[in-house]
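Asks: Here it is: the structure, laid out below.
Here, each number is a calculation from the coordinates, and none is a lab measurement. Since we're looking at a predicted model, the values are computed, not measured. With ideal geometry, Cβ positions are generated from the backbone for all residues, glycine too; neighbour counts draw on all protein chains shown.
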Amino acid sequence: MSMEVTQLLINAQSIDGTVRKHAEESLKQFQEQNLAGFLLSLAGELANDEKPVDSRKLAGLVLKNALDAKEQHRKYELVQRWLALDMSTKSQIRAFLLKTLSSPVPDVRSTASQVIAKVAGIELPQKQWPELIVSLLSNIHQLPAHVKQATLETLGYLCEEVSPDVVEQEHVNKILTAVVQGMNAAEGNNDVRLAATRALYMALGFAQANFNNDMERDYIMRVVCEATLSPEVKIRQAAFECLVSIASTYYEKLAHYIQDIFNITAKAVREDDESVALQAIEFWSSICDEEIDILEEYGGEFAGDSDVPCFYFTKQALPGLVPLLLETLLKQEEDQDLDEGAWNIAMAGGTCLGLVAKAVGDDIVPHVMPFIEEKISKPDWREREAATYAFGSILEGPSADRLMAIVNAALTFMLNALTNDPSNHVKDTTAWTLGRIFEFLHGSTIETPIITQANCQQIITVLIQTMKDAPNVAEKACGALYFLAQGYEDIGPNSPLTPYFQEIIQSLLSVAHREDATESRLRTAAYEALNEVVRCSTDETSTMVLQLVPVIMLELHNTLEGEKLSMDEREKQNELQGLLCGCLQVIIQKLGSEPTKYMFMQSADQMMGLFLRVFGCRSATAHEEAMLAIGALAYAAGPDFAKYMPEFYKYLEMGLQNFEEYQVCAVTVGVVGDICRALEDKVLPYCDGIMTQLLKDLSSNQLHRSVKPPIFSCFGDIALAIGEDFEKYLRYSMPMLQSAAELSAHSSGADDEMTEYTNSLRNGILEAYSGIFQGFKNSPKTQLLIPFAPHILQFLDSIYMEKDMDEVVMKTAIGVLGDLADTLGSHVGGLIQQSVSSKEFLNECLSSDDHTIKEAAEWAKHAITRAISV
Amino acid sequence: MAPHEIRRPFKRRPISDQQKRRELSLLRQSQHRSDAQQRARNLASSVISLQSSSPDVDPEILFEAVPELDEGTESESSSFDVRQASRLRGPEARKWFARQLMLPEWMIDVPDNLSRDWYVLARPAGKRCFVVSSDGTTVSRVRNGSILHHFPSALPGGARKKGASGPANSYSILDCIFHESDQTYYVIDMVCWRGYSLYECTAEFRFFWLQSKLAETGACDPPSFYHKFRFSAVPFFNCDQSGLHSAYTGSLPYVKDGLLFYNKHAHYHTGNTPLVLIWKDESCSQYVIDTDNNGEVPDQQHIVLELQEEGKLVTSDDPPVPFSCLNADFVKQSGLLSGSLIRFAIGDGGLNCVDGRFEKADLQYIGVSNRARAFADSYSKIMFQYMARHSPLKVEDLASTISHENQQDKTPEVEMSD
């Protein structure tokens, strides 16, 4: 058998397709027929030093893939299968794996490390393989060095796979001791030191207790800082990675070390290899991220309200840090703006400078202005670009008051540079900077406007001119126009853009049609700007937006006529369809109401026809955009949307079945709601099909969980639309709601993300109940709902007692209480009076500061008073 | 172990426009959902305020039941008006509108002071409906609340046309009859005009306002792109000899279906009211006696009654008039729910009245009434139909009552001038 496996594994890597395919099939068959034997042979192959390296590596990889998968449901299946294996098979495999760590072949050891970590990830939470950590630790004290290296790597992967709470503190201490000792300069072997440093990066999450202990923390920090000075570049890089991770995980423990770290990072940024320098900059970016978050939580008002205090490391470091970052800006690469994947020290430095500005606000300005003033007019493009980039970077953070004079003075200069600077790079950054000016310093909240009657014409002319420049520059100009339009979002009936509206639209369309529009995502930027211009337009220009309808429809039509296209062309075509559907969606929302609705709706038939054809193309993005547009159209069309349903229905069903591209499914669920509100009782003929799909979606473990709460809300939409005809779905939907309610009633102990999800689930369930109660109101069938009342009241009580609901749930929950009382009236008067919700919870909501909660509570009180007084 | 990716977005917006569209859509959907629920809740509040104005519920008692309601809520529930109702959708809207029309009682005896206190008008044949114009559109709903037409009109706020329809929040509600053959809405009453409620105004004022305001808007003009149906005010007369004569025999552009009598002092009262009366005979209506589904007059009079708890059968009046009782076993056997509308034939035993009040009836069960119906028959309708088959109230009776009143009125005047 084992001989066969070797040959199969080698054949599976053959360049001959037939051989390869045959081998892959045989392996698959083996796996399906005899999982235990299969896994055991693979582990044996991996452990056998007499076998070829290639077959051993693949054996390890296949073994790893038999333990883990990306998709949640698949992963769950694999874990269950592993746990179901008999103990003797499992111990043999474990033994093979541990043995492999001593192999002289580095790749094989590394593969075994990863497989061990996967097994540990499954078994440790089940309290299985208890001797693993002890036996790994015993390896540490062994010679030769390569075993030590492999063991440290294994510990690193193990920390990545396993949650800290399943490892005893005693073991954690031993792991960290082994790892930090391995990093120590006293360790003579660089491979061991590198493996240890990388292992520490993974193990930092386990070191909570150790970072709380001054002595242990000092020791770890000293070893990490020393490692940043190692002669080996990979070790220095790995050590800086540790510092980056410490910056975000243990920010509040850093005060003692920050001066030393500044010195180390400054030296690395100025002198070290770029791979190391990038990590050194990232350390400061991470510190800024932390401080920005903390200061945001402070909210200016309740200083000290945050769990973690702000130590103002960035502010203290300003005098040294800003010059350091400004220096990096001069190290641009020639074509970095043309390369989507570029990331270099100048880009990292500028990005960090932007974060520093956000973290310290006004204080950054005097540190940067001299650099800008000195370099902005230099003959070397690098200096001009660096100065402009520095300027653009600090526009978010400082107050408008602090920046206004500077920006006003710079504006003319910028417009001039955009027209006349010979450097593509400078123009790119200048256009981007203009966009930032409009993004942060233009809009209704700014007291003295940057854009005035005097300069508006010039700004628009220059931007339109720039849109004809190289694709990367034109893209930034479109971005600037986006923010220019956004600033007039709530301008009122008269927009300063009105006189230029036609010209702007024309120019954006021409940009979208440029032959090189697919470079530098120019076409996307053009349509995005067009969308924003339309979104922020006023009634004055609605006729021009109306004229845009046939233009965009024709473009969409043309994308559907494409004949034989290559893969690449098809992909671009689909992307364009997505953009055009997105654009139509924005237009529908703009024109679908007063006073343009009647004119606009004359195009509705044709537009709907195009959307339906988009569904014929295979592209998730285009589907999603078309679906969103149809939702908007349904809202605009109201009951008239009924005429599209016979044709549209199958695509609606397809969307609801799209588990893989769950965004499409999510968007489709939302559109079902739109359609219910548009069609009301006319949606009834489609409800059997829709409800069947929604119920299937809910029972699927393949569907992304984020789609489930909106599905419950959708039940409510349907019930509200069809009223008592929802009766036939009660026997399916109510048990689903009930079990979901039980699941979501308690979330205690979960993390923030889980609490957030639980609340969104509760909200969905409650919206369903509201819709159902309201749908049955005043119907003779109301009594059908009476049996569900005790459970619903209990659900309300338990989420109230749990004390972790957010405002949205609070409002929905108290609304449900009112709906229940209103619809069931005196039948449930007694039950309501017994519930906590009708007393404490109601009172809490009645005294809420949030007026929407208060309003819902008053309604509930009203309804309850009636229910119990009859 | 590979180095960790630390690339950050460079010269990029943090969220894409697609993500923005997605989020805006979600926001719009959740806003619309909460609007829909708010409407449903407001509906209930409006039902309370309507009950409180009806005579058999003491408004003070209702107020005491909810003493903590602050002013905000109070004004909110009472500020729920037909404009908000016009945004109601589906079954909610049907239920609401089904209760908003003022429904005439059938004239089973002639009221006093016809000539002094009443108007008379010839009812056009067609579907009675409520026409609401608001937010740039016009919707007509028939008596059971379901939509008849959805169209642009020259009424205030009735079309998405700039300028002409006045302020965006203006809306109007008319009580109309849609006359099929000339596709015209004949306006018989005005309930709200340009956002101004006429519910609490006398019929005298409402009719005056209707005649003077309707034509101003261009609503009486022939149909056009922004005005799909023509409107026309129904002429009304003081109910004296000549008024009655004009309404009864006068030539009008529409087919008549009986005469309507409005008490001049009456407010617009939703539901059945004795202050508006309908009367018919063969010469002013094709449909004096109810026909069945095939358009034929059945041998026996059919009536529709509502089944209540314990088998009680009642009319649609407020308070309901009990007519008979169904056997409990029968109710169970036929699976009838309380609230069902049931059709009966009146047998040879007929209706027995004692002193003008109904005493008992010989009812024969036919079956459950068809779904489109929202209400049982009213007491006055049953009685009028019964009289029409046996001893109808004739136009001569009306005329003679008026002339009798006139003589009484004239006598004192003569004496004073003397």
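Asks: List the aspartates and glutamates whose alpha-carbon lies under 18 Å from that of A:LYS781, not counting same-chain residues fewer than 8 positions away?
Replies: Here the aspartates and glutamates satisfying the reach criterion relative to A:LYS781 are A:ASP681, A:GLU724, A:ASP725, A:GLU727, A:ASP819, A:ASP822, B:GLU92, B:GLU306, B:GLU309, B:GLU310.
Asks: List, in the order given, every pair from A:LYS28/A:LYS564; A:LYS476/B:LYS20; A:LYS728/A:LYS777 whose Cα-Cα distance in the structure shown is over 26 Å.
Replies: Too far apart for the 26 Å limit: A:LYS28/A:LYS564.
Asks: At 37 °C and 0.692 mPa s, grab the translational diffusion coefficient of segment A:114-174 from Stokes-Einstein with a Kirkwood Rh over Cα pairs, rounded to a whole number in µm² per second. Please report the intermediate quantities before stating the final value.
Replies: On the way: Rh = 11.7 Å.
Stokes-Einstein gives a translational diffusion coefficient of 280 µm²/s.
Asks: Assuming 1.567 mPa s and 4 °C, estimate D for chain A with Stokes-Einstein, Rh taken as the Kirkwood radius over Cα pairs, in µm²/s.
Replies: On the way: Rh = 32.0 Å.
Reported coefficient: 40 µm²/s.
Asks: Here's something else I'd like to know. Taking a cut-off of 19 Å between Cα atoms, list the lysines near A:LYS99, but don't count ones fewer than 8 places away on the same chain.
Replies: Correct list for A:LYS99: A:LYS51, A:LYS57, A:LYS64, A:LYS90, A:LYS118, A:LYS148.
Asks: Counting residues in segment A:279-428 as N, plug N into 2.2 N^0.38 Å and put the Cα Rg over that result.
Replies: Values: Rg = 16.2 Å, N = 150, 2.2 N^0.38 = 14.8 Å.
Against the compact-globule rule of thumb, the ratio is 1.10.
Asks: Which of the lysines could be linked to B:LYS228 by a straight reach, that is with a Cα gap under 29 Å, when you skip same-chain ones fewer than 8 residues away?
Replies: Qualifying lysines at Cα under 29 Å: A:LYS590, A:LYS597, A:LYS643, A:LYS682, B:LYS95, B:LYS127, B:LYS161, B:LYS162, B:LYS213, B:LYS256.
Asks: With N denoting the number of residues in segment A:616-707, provide Rg(C-alpha) divided by 2.2 N^0.38 Å, to two decimal places. Before the final figure, lay out the partial values.
Replies: Values: Rg = 12.5 Å, N = 92, 2.2 N^0.38 = 12.3 Å.
Computed over Cα atoms of segment A:616-707, the ratio equals 1.02.
Asks: Still on this structure, please answer the following. Any idea what % of Cα-Cα pairs in segment A:716-870 are farther than 18 Å? Write down the numbers at each step before the final one.
Replies: On the way: 6481 of 11935 pairs.
Value for segment A:716-870 (Cα pairs over 18 Å): 54 percent.
Asks: Let me ask another. Mind checking segment A:710-813 for trypsin sites (Lys or Arg not before Pro) that DSSP puts in a loop (not H, G, I, E or B) and that have at most 11 other Cβ atoms within 10 Å? Display every interim value, and only then the final one.
Replies: Values: sites: A:LYS728, A:ARG731, A:ARG762, A:LYS777, A:LYS781, A:LYS803, A:LYS811; in loops: A:LYS777, A:LYS803.
Hits after loop and neighbour filter: A:LYS803.
Asks: In addition: Taking H as built 1.01 Å from N, whose amide H comes closer than 5 Å to the amide H of B:LYS312, not counting residues under 5 places away?
Replies: Distant-sequence amide H within range of B:LYS312: B:LEU326.
Asks: Related question: Output the DSSP H helices from chain A with an along-axis C-alpha extent of no less than 30 Å and a mean Kyte-Doolittle hydropathy no less than -0.5. Could the numbers behind the result be given before it?
Replies: On the way: long enough: A:274-298 (36 Å, 0.10); A:567-591 (36 Å, -0.22); A:752-776 (36 Å, -0.40).
Those that pass (Cα extent of 30 Å or more, hydropathy at least -0.5) are A:274-298, A:567-591, A:752-776.
Asks: While we're on this one: Neighbour counts of other C-beta atoms within 10 Å: give me B:ILE6, A:ILE786 arranged from fewest to most. Kindly include the intermediate steps, with their values, before the conclusion.
Replies: Numbers: B:ILE6 17, A:ILE786 13.
Placing the least packed residue first, the sequence is A:ILE786, B:ILE6.
Asks: What percent do you get for the relative contact order of chain A when only Cα pairs under 8 Å and 6+ apart count? It would help to have the intermediate numbers written out before the result.
Replies: Values: 1179 pairs, mean separation 37.7, N = 870.
Once normalised by length, the contact order is 4 percent.
Asks: Over the alpha carbons of segment B:245-346, what is the largest minus smallest coordinate on each principal axis, giving the biggest first in Å?
Replies: That works out to 55, 36, 18 Å along the principal axes.
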